[in-house]
1. Select from the range 291-360 those trypsin sites (Lys or Arg not before Pro) which occupy a DSSP coil region and have at most 12 other Cβ atoms within 10 Å, ordered by residue number.
2. Identify all lysines with a Cα-Cα distance to Lys368 below 24 Å; exclude those on the same chain that are fewer than 8 residues away in sequence.
3. Could you grab the Rg to Rh ratio for the range 1-106? Cα atoms only, Kirkwood for Rh.
4. Give a residue-ordered list of calculated ³J(HN,Hα) values for the range 51-57 (Karplus: 6.51 cos²θ - 1.76 cosθ + 1.60, θ = phi - 60°; whole Hz; x for Gly, Pro).
5. On a straight-distance basis, which aspartates and glutamates could pair with Lys369 in a cross-link, Cα separation under 16 angstrom, same-chain partners fewer than 8 positions away excluded?
6. Beyond 28 Å, how much of the Cα-Cα pair distribution for the chain remains, as a whole percent?
7. In Å and whole numbers, how far do the C-alpha atoms of the range 13-52 stretch along each principal axis, longest first?
8. So for the chain, taking the charge dipole from beta-carbon charges (+1 Lys/Arg, -1 Asp/Glu), which of Phe285, Val156, Leu189 sits furthest toward the positive end?
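Just so you know, all these numbers are worked out from the coordinates, no wet-lab data involved. Keep in mind that this is a model prediction, so the values were computed, not measured. Heads up, the Cβs are rebuilt from the backbone with ideal geometry, glycines too, and the neighbour counts pull from every protein chain shown.
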Amino acid sequence: MRSTVSVIKADIGSLAGHHVVHPDTMAAANRVLAEAKRQGIILDYYITNVGDDLELIMSHTRGELDTKVHETAWDAFKEATKVSKELGLYAAGQDLLSDSFSGNLKGMGPGIAELDIEERPSEPIAIFMADKTEPGAFNLPLYKMFADPFNTAGLVIDPTMNEGFKFEVLDVYEGQSVVLNSPEEMYSLLGLIGTPARYVIRRVYRKADNMIGSVTSIERLNLIAGKYVGKDDPVLIVRLQHGFPALGEALEAFSFPYLVPGWMRGSHYGPIMPVSQRDAKATRFDGPPRLIGLGFNVKNGKLTGPSDLFDDPAFDETRRMASVITDYMRRHGPFMPHRLEPTEMEYTTLPTLIEKLKPRFKKEEDVKKAKPSVYTSKDQGMD
Ligand SMILES: O=C(COP(=O)(O)O)[C@@H](O)[C@H](O)[C@H](O)COP(=O)(O)O
Ligand SMILES: [Mg+2]
Ligand SMILES: [Mg+2]
Ligand SMILES: [Mg+2]
């Protein structure tokens, strides 16, 4: 059976700052999705949150970019925003960049990852959702899952995986993509995806049969809006087992709290911290960037699950290391490399402040002419 899992997410406002989604807004979204299920637009759904991002997980048989499914998500976000406004929640409707729905949600603000598959007899999947970071943040773990034998034993042991995987990489600035084969082209692949702000792994395919293995949301809000409107908190769907990474291989890729851009004001590098659903809220310095993982099985277009994948002491040490790195990075305060590089700061409000200082900058020669004495050793009391 052909079925589609659509994960569509948006920040529609949250409690006490950019912190955590309010249950009443989730209830509003739930009413819309329940009605869509009753009407047969979607077959199943699950609603959750990571930090201030409301996450709609829907299954159906309508394929990618379906108008009805996307309209359902849009209505859910709109209804949730209404409640958000009534309660005076912070940044109500933040990620809804357009007023009206037209066709599908592409370019309208919400993040979208849709996995369209011919279901295997058992179809296990993991859905990873992050807050206070951006889509390229999944480059490193995707590389580990699908290309690094030190992470994924199946690349060495499983005959189907042994041929390798194909990576579709999108240049989010140019809107162009390229497909690179692993292992043959892994150095070129790393050459691109090591710049995650620009090159994002959008999809991974298994070489043996071209079956899709993963899909990432690629929306970058600031590139759509032309200014900083919150972070582009991403989602990722990974197909598991039987020729794809085992669940444990997918999770293993997150055992190291690597640095991602985002965190406070979308302007700082910080460690990604995999947490349980219970801890999926942004706290310290609006973070550190949080990741949750939910495990499901898809059968006849319906979802069984979830299992809260990082709700496990096996990830305690990762979280502890993330806390240590948090301390270390924070001690740099406003200095790079804790703060992002200037190209990434372009969309924030920092350039306007620097612009204000422009008239006060003087050419070096002019400064020398005006106050030559400053440059003599006598004036500095050294003679
Ligand atoms: O990154 C952040 C929000 O991103 P998000 O909404 O999660 O996409 C926060 O750190 C805010 O930028 C920060 O709290 C300041 O918010 P404002 O006071 O400018 O709204
Ligand atoms: Mg927010
Ligand atoms: Mg967020
Ligand atoms: Mg955001």
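1. Working: sites: Lys299, Lys302, Arg319, Arg320, Arg330, Arg331, Arg339, Lys356, Arg360; in loops: Arg331.
Filter output for the range 291-360: Arg331.
2. Leaving aside lysines fewer than 8 places away in the same chain, those within reach of Lys368 are Lys356, Lys358, Lys378.
3. Working: Rg = 13.2 Å, Rh = 13.6 Å.
Computed over Cα atoms, the ratio is 0.97.
4. x, 8, 9, 8, 10, 9, 10
5. Counting by Cα, and skipping residues close in sequence, Lys369 has these aspartates and glutamates nearby: Asp379.
6. Values: 34272 of 73153 pairs.
Percent of Cα pairs beyond 28 Å in the chain: 47.
7. Largest to smallest, the principal-axis extents are 36, 15, 11 Å.
8. Ranked along the dipole, the leading option is Phe285.
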